[in-house]
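Shown next, in structure tokens, is the structure this report addresses.
Just so it is clear, none of the values below were taken in a lab; they were calculated from the coordinates. Computed from a predicted model, the values in this text were never measured in an experiment. Note: ideal-geometry Cβ built from the backbone for every residue, glycine included; neighbour counts use all protein chains shown.
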Amino acid sequence: MKYLLAESVQHLNIPPIVWEKKIFPDGEFLIRITEKITGKELTIITNITPTNLFDVLCTIDAARRSGAKIKKMIIPYMAFARQDRVVEEGEAVGGAVICSALKQFNIPITVIDFHSERICTHFSRRSVLLFLAQALQNEKQKLEQYTIVAPDEGSRKRASLIAKALKLPLVVLQKARKGQEINVTLTSSLPTTSVILIDDMISTGGTLCTAAKVLRNAGAKKIAGIATHGLLAGKAREKLRKTGINPVIVSNSLPVKPSAGVKVIKIETELKRIALE
Ligand code: R5P
């Protein structure tokens, strides 16, 4: 299997086929695969970032025209997936726009810990959260002492899969929004004083930190946070540290750097496994 790694995932330690991007003075660019891949089996791996959709479309086009047998496309992280419905009248649904653009190529697409099930019914989904949770165990933390916590109803399904797989109790927090204000409540008791907050992504850290404060008030002593996509925007790391969520475990679906309290688990092996399925 050959791998075509787009610019957005060049941090992954997977040997890629050779391609180049020529940028013209007016800003247009041309993607060209320089390695001979005619007849070869190929998996395209790319993230969707807020700005690279046209790059991605051209990369797929170049691979097709080079005569490779495109087996699959794997998207470790897809931006805009949170835009899965109209919340306020007049809004676009960015996630659905990306799905329609990719559908034209008719390639099987697997997205890792895809935020929404509402859009893109033709995408397969895979989770690496269990893999990340096991990394916590490898750090000699006794997982059996933990409760898995979903920070909101939207995370229930995801967290419940992890709880079942690890045979741990599950607690789901309730999140209500009133304008800009977010109110999180715990409607049951906490089975253990060690908890693992599970989410698909950490952006500003607001969701996990708000949840952690509620759990702390309910008696939690040890709070870990596990999320597949470490966007860690702005002061997220500082916020997580000050709130005492430690460790925070994320994958390298995005090119995120480890720091005090933030561990990054490599998912290359998982991606290769998915490519060969
Ligand atoms: C929300 O629906 C998502 O699953 C995440 O909980 C959210 O996007 C995390 O963002 P932040 O870290 O900014 O709260």
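Between the amide H of Asp152 and those of Leu173, distances stay under 5 Å, these residues lying 5 or more places away or on another chain, with hydrogens modeled in the peptide plane. Put in line by how crowded their Cβ is, counting other Cβ atoms within 10 Å and starting with the fewest, Asp84, Asp61, Asp113, Asp199 read Asp61, Asp84, Asp113, Asp199. In degrees from 0 to 90, rounded to the nearest 10, what is the angle of the helix 129-138 Cα long axis to the longest principal axis of the chain? That works out to roughly 60 degrees.
The alpha carbons of region 91-194 give a radius of gyration and a Dmax of 17.2, 49 Å, in that order. Label separation (Val18 vs Thr34): 0.6 nm, computed from points 7 Å beyond Cα along the C-beta direction. Rounded to the nearest 10 degrees, the inclination of helix 206-217 to the longest alpha-carbon principal axis of the chain is 20 degrees.
Each of Ala101 and Gln180 was given a label point 7 Å from its Cα along the Cα-to-Cβ line. The distance between the two points is 3.1 nm.
Extension gain Lys213-Glu91, at 0.36 nm per residue separation less the Cα-Cα distance, in nm?
On the way: separation 122, 0.36 × 122 = 43.92 nm, distance 3.24 nm.
Using 0.36 nm per residue and subtracting the Cα-Cα distance, I get 40.7 nm.
Kirkwood radius, the chain, all distinct C-alpha pairs, inverse of mean reciprocal distance: 19.9 Å. For region 202-268, relative contact order (Cα pairs under 8 Å, six or more residues apart, normalised by length) works out to 33 percent.
Specify the angular offset, from 0 to 90 degrees and rounded to the nearest 10, of the alpha carbon long axis of helix 156-166 from the longest principal axis of the alpha carbons in the chain. That works out to roughly 80 degrees.
Give the Rg/Rh ratio for region 171-277, taking Rg as the radius of gyration of the Cα atoms and Rh as the Kirkwood radius, to two decimals.
Numbers: Rg = 14.9 Å, Rh = 14.7 Å.
With Rg and the Kirkwood Rh in hand, the quotient comes to 1.02.
Between the C-alpha center of region 232-246 and that of region 141-159 there is a gap of 19 Å.
Specify whether the C-alpha gyration tensor of region 90-138 places it in the rounded, prolate or oblate class, a ≥ b ≥ c being the square roots of the eigenvalues: rounded for a/c under 1.5, otherwise prolate if a/b is larger than b/c and oblate if not. Here region 90-138 falls in the oblate category. The convex hull of the Cα atoms of region 1-155, projected and averaged over all directions, covers 12.4 nm².
Using the 10 angstrom Cβ neighbour count as an exposure proxy, how do Thr269, Thr110 rank, fewest first? With the sparsest Cβ surroundings first, the list reads Thr269, Thr110.
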